[in-house]
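**Student:** Before I ask anything, here is the structure I am working with.
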Amino acid sequence: MVTLAVLVVGLAVAVLLGTPWRPLAAVGDGAAVDPAIDFTAAQMAREDAYHSAVRPPAYASLVLSIAVALLLGLSPLGARLIGAVAAPLGGGWGWRVLLGGIAVTAVGRLVALPLDAWAESVRRRYGLSTQTWGTWLVDVGKAYGVGLVITLIVLFGLFALVRWSPQWWWAWGAVAGALLVVVVSFAYPVVIEPVFNKFTSMESGPLRTSLLEMADRDGVPARDVLVADASRRTTALNAYVSGFGATRRIVVYDTLLDKAEPAEVRLVVAHELGHAKNRDVLWGTLLGALGIATVVCVLAFALKSDWLLRRAGVDSIGDARAIALVLALVAVIVALSGPVQVLVSRRVETRADVHALELTRDPTTFVEMQRRLSVTNLSDLDPPALVFGLFSTHPTGPQRIALARDWARLRGVAPPPGLAP
Ligand SMILES: [Zn+2]
């Protein structure tokens, strides 16, 4: 209990102090956030129609996955399922974790699959997805497989610790969970990303040279810029930074190189350099490690509850059939922590945008780039407040454009004119 309190306070302090709450100094009232300044009525209508079509299946899938996890974990159904799949092999705890873990996660996945297919059909109708049903299913399978491997490692570790040290499993679990987050985040670019995409060095030429020169000037020397074959999956434009230390890499989508002007690519990479310079991936990983340690302590606290255990049809956490309860509690904690995570993410993204503006001093191209990203990716230009608060990891396109106009005003540069005719 004391450990839990210390971790919660530590996490809160780290988030409060480590988050760039105001990445840009205030400039009066700030530029107006209004999609109509830079987007045509047709562009706004198309984005609106897309979100009206894709939201029902996407959110239904999310809600259904959580509901299934709760149903299996907070009733004896999950324990019965786990007992049944492990019974033919003797029902030892190892088989219960392995086969039970597969069964519980597979049920959740399969129930949501039709809704995911529906959402994919909407993406295809709007030209966002370039996949066939075959490649889509392979992707679903790969994502499930990667998630399953990580889940099973965690569950095996958890139940092995419970058996080895019934009193102190949570303390060892908190430390091991935190270490696992650091290891997975470090290895992610070289172990997990290649499961989904091929990466090649960006072709040499003036653009590559100018990007590496910009990174040098920024004090974030990069050996390489990698290109992901994202076009096999999507028409959307994107770039990202992943890993840290020896695995840190800057990746741009091949779609971006294909469709955006070189000056816009520079702006996108300047944003990613902002993430690299501020070590956002490393900081996010450390917060994640602290977060997981907290989750383990919350679990230990919850799993002492006879009421919860009885509901789940088990006597104690020593019974490996309790994995359904563990997965249900994790689903609840993940859902509850989501809004805080995206709030912090939006601030970090704004800081990277300010960095891109400082580095390029080119707010006009920044605005053009934001408009192209929003239009091509069918981004929501004006999401409902609840949707924004729960799910948006980035500020909206119009918010990012208003930031560029604020930055221009603050630095005495001519503010970019509106782009809508
Ligand atoms: Zn970013």
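**Student:** Out of the chymotrypsin sites (Phe, Trp or Tyr not before Pro) in region 5-73, which ones are loop residues according to DSSP with at most 14 other C-beta atoms within 10 Å?
**Tutor:** Values: sites: Trp21, Phe39, Tyr50, Tyr59; in loops: Trp21, Phe39.
Sparse-neighbourhood loop chymotrypsin sites (Phe, Trp or Tyr not before Pro): Trp21.
**Student:** Would you mind pulling out the separation of the Cα centroids of region 302-323 and region 193-239, in Å?
**Tutor:** 48
**Student:** Counting pairs of alpha carbon atoms under 8 Å apart in space and at least six apart in sequence, what relative contact order in percent does region 149-274 give? Let's see the in-between values first.
**Tutor:** Values: 128 pairs, mean separation 26.4, N = 126.
The normalised contact order for region 149-274 reaches 21 percent.
**Student:** Turning to a different aspect of this structure: Which one, Ala143, Leu359, Trp170, is farthest towards the positive end of the dipole of the chain when Lys and Arg carry +1 and Asp and Glu -1 on their Cβ?
**Tutor:** Working it through, the farthest residue towards the positive pole turns out to be Trp170.
**Student:** If the chain between Thr364 and Arg223 were fully stretched, how many nm would it gain, using 0.36 nm times the residue separation less the Cα-Cα distance?
**Tutor:** Numbers: separation 141, 0.36 × 141 = 50.76 nm, distance 2.86 nm.
Gain in length upon complete extension: 47.9 nm.
**Student:** Next question. Below 8 Å, C-alpha to C-alpha, sequence gap of six or more: please give me the relative contact order for the chain in percent.
**Tutor:** Numbers: 557 pairs, mean separation 110.8, N = 421.
Rounded, it is 26 percent for the chain.
**Student:** Tell me the carbon and sulfur percent of the accessible area for the chain, rounded to whole percent, probe radius 1.4 Å.
**Tutor:** Values: 13340 of 20050 Å².
Carbon plus sulfur share of accessible area: 67 percent.
**Student:** Taking the chain as a Gaussian network, Cα atoms linked when under 10 Å apart, which of Ala112, Ala228, Ala12 shows the biggest mean-square fluctuation?
**Tutor:** For the chain, modelled as a Gaussian network with Cα springs under 10 Å, the answer is Ala12.
**Student:** What residue among Gly94, Gln341, Val225 has its Cα farthest toward the positive end of the dipole of the chain, where the charges are +1 on Lys, Arg and -1 on Asp, Glu, each on the Cβ?
**Tutor:** Comparing the listed Cα positions along the dipole, Gly94 ranks first.
**Student:** A further question on this structure: Report the gain in length on full extension from Thr135 to Arg163: 0.36 nm times residue separation, minus Cα-Cα distance, nm rounded to one decimal.
**Tutor:** Numbers: separation 28, 0.36 × 28 = 10.08 nm, distance 4.16 nm.
Length difference between fully extended and current span is 5.9 nm.
**Student:** Follow-up question, since we're still on this one. Accessible area per residue for the chain in Å², computed with a 1.4 Å probe and the full protein assembly in place, what is it? Don't skip to the answer; put the middle values down first.
**Tutor:** Values: 20050 Å² over 421 residues.
Heavy-atom SASA per residue in the chain reads 48 Å².
**Student:** Roughly speaking, what is the stretch gain from Leu89 to Ser204, that is 0.36 nm per residue apart minus the C-alpha to C-alpha distance, in nm to one decimal? Can you show the working numbers first?
**Tutor:** Details: separation 115, 0.36 × 115 = 41.40 nm, distance 5.69 nm.
Length difference between fully extended and current span is 35.7 nm.
**Student:** Give, as a single signed number, the net charge of other residues whose beta carbon lies under 12 Å from the beta carbon of Leu286, with Lys and Arg counted +1 and Asp and Glu -1.
**Tutor:** Values: positive: Arg279; negative: Asp280.
Every neighbour counted, the sum reads 0.
**Student:** I'd like the orientation of helix 323-360 relative to the chain: the angle between its Cα long axis and the longest Cα principal axis, in ° from 0 to 90, rounded to 10.
**Tutor:** For 323-360 against the chain, the angle is about 20 degrees.
**Student:** Another question, then. Starting from the Cα of Val332, step 7 Å along the direction of its Cβ; do the same at Arg55; then give the gap between the two resulting points in nm.
**Tutor:** Going by the 7 Å Cα→Cβ label model, 2.8 nm.
**Student:** How much mean residue ellipticity at 222 nm does the chain get from its helices, if each DSSP H run of length 4 or more adds -39500 (n - 2.57) and you divide by all residues, to the nearest 500 deg cm²/dmol?
**Tutor:** On the way: 17 runs with 294 residues, N = 421.
The helix-only estimate for the chain comes to -23500 deg cm²/dmol at 222 nm.
**Student:** Go through Tyr240, Thr393, Val85 and say which Cα lies farthest out towards the positive end of the charge dipole of the chain; charges sit on Cβ, +1 for Lys and Arg, -1 for Asp and Glu.
**Tutor:** Sorting the options by dipole projection puts first Val85.
**Student:** In terms of the Cα gyration tensor, with a ≥ b ≥ c the square roots of its eigenvalues, is the chain rounded because a/c is under 1.5, prolate because a/b exceeds b/c, or oblate?
**Tutor:** Numbers: a/c = 1.94, a/b = 1.72, b/c = 1.13.
Note, shape of the chain comes out prolate.
**Student:** Still on this structure, please answer the following. If I fit a long axis through the Cα atoms of helix 280-302 and take the longest principal axis of the Cα atoms of the chain, what angle between them do I get, 0 to 90°, rounded to 10?
**Tutor:** With both axes taken from Cα atoms, the answer is about 30 degrees.
**Student:** Would you please give the FRET efficiency between Ile153 and Arg232, computed as 1/(1 + (r/R0)^6) with r the Cβ-Cβ distance and R0 = 45 Å, to the nearest 0.05?
**Tutor:** Numbers: r = 29 Å, r/R0 = 0.64.
Plugging the Cβ-Cβ distance into 1/(1 + (r/R0)^6) gives 0.95.
**Student:** Any idea what angle helix 76-86 forms with the longest principal axis of the chain, computed on alpha-carbon atoms, 0 to 90 degrees, nearest 10?
**Tutor:** Around 80 degrees separate the two axes.
**Student:** Another question about this same structure. Give me the lysines in straight-line cross-link reach of Lys277: C-alpha distance below 30 Å, same-chain residues under 8 apart excluded.
**Tutor:** Once the sequence-local lysines are set aside, what remains near Lys277 is Lys198, Lys259.
**Student:** Next question, about the same structure. Are there trypsin sites (Lys or Arg not before Pro) in region 152-256 that DSSP puts in a loop and that have at most 10 other Cβ atoms within 10 Å, and which ones? It would help to have the intermediate numbers written out before the result.
**Tutor:** Values: sites: Arg163, Lys198, Arg208, Arg217, Arg223, Arg232, Arg233, Arg248, Arg249; in loops: Lys198, Arg223, Arg233, Arg248.
Within region 152-256, the qualifying trypsin sites (Lys or Arg not before Pro) (loop, at most 10 other Cβ atoms within 10 Å) are Arg223.
**Student:** Mind giving me the FRET efficiency for Ala25 and Arg279? R0 is 25 Å, r the Cβ-Cβ distance, nearest 0.05 is fine. Provide the component values of the computation, followed by the final result.
**Tutor:** Details: r = 22 Å, r/R0 = 0.90.
Between Ala25 and Arg279 the formula returns 0.65.
**Student:** Hey, with R₀ at 22 Å, roughly what FRET efficiency would Val183 and Lys142 work out to, going by the Cβ-Cβ distance, to 0.05?
**Tutor:** Here the calculated transfer efficiency is 0.60.
The values are calculated or read from the model by the stated rules, or taken from the named source; none is laboratory data. This structure is a prediction, so every number in the text was calculated from the model and none was measured. No Cβ is skipped: glycine too gets one built from the backbone with ideal geometry, and neighbour counts run over all protein chains shown. Protein only, heavy atoms only, side chains kept; ligands, DNA and RNA dropped before computing areas. Shrake-Rupley method; radii C 1.70, N 1.55, O 1.52, S 1.80 Å.
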